[in-house]
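Worksheet for the structure shown next.
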Amino acid sequence: MKKVLIIVLTFCAFGVFGQNTGIERNGFVFGIGAGGGVISISDSDQEVPFNKAQGALSLPNLKIGWMVNDRLAVLATLPGMIYDYEGKDRSFEALIPAVQYWAKDRWWINGGIGLAMDFPALYEKNSGGERWNFGCAVAAATGYEIVQKKRFAIDLQTQLHLGRAFLGNDQHRDGVAFSVGIGFNWY
């Protein structure tokens, strides 16, 4: 793991201190990010309460969309984290239409509201009978592009994602996820 981190940081340093060719943001946007953070999950069930905060991976955080102009993008984002529930992994994610704005040449802010999703992790075995739950979510993010090339950027980003998924029988599951990571973006 240390070797991978050293390679990524070296690559980023060469990009930061190397010659900047000037970034061109227009047309189609695609981004993928990975990182880690903290997620807090709680259920409204009073008989069997569940309230847990834990460290988690945030992978993959996707965004896809279109540049309206060189500083504004309209995106569909997919933030989320994996958490442990009764010995099995579940995913607390969202599908969020968002707007991303570059306040400075390298610094952007992003936010939106959309669909919360709580479901068994796709790699989890024997999860066929477990419920998929849906509700509402909101997310806000910011990032700083440490590497800029003509149609590509690498950024350091942080994201806050809040959601409520409805479990049925007037029950719900609330989640708050905070993550820090690295993103790879194509414009």
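Every number here is computed from the coordinates shown, using simple stated rules; none is lab data. This structure is a prediction, so every number in the text was calculated from the model and none was measured. So basically every Cβ, Gly included, is an ideal-geometry build from the backbone, and we count neighbours across all protein chains shown.
Observations on the structure shown:
- Dipole in debye (nearest 20) - the chain, about Cα centre, beta carbon charges: Lys, Arg +1; Asp, Glu -1: 880 debye
- Residue (of I109, M81, F152) at the positive-pole extreme of the chain, dipole from beta-carbon charges: F152
- Distance in nm between pseudo-label sites at E86 and E124 (7 Å out along the Cβ direction from Cα): 0.9 nm
- For segment 91-187, diffusion coefficient by Stokes-Einstein and Kirkwood Rh (Cα), 37 °C, 0.692 mPa s, µm²/s: 218 µm²/s
- As a size descriptor, the averaged projected area of the C-alpha convex hull of the chain was calculated at 11.5 nm².
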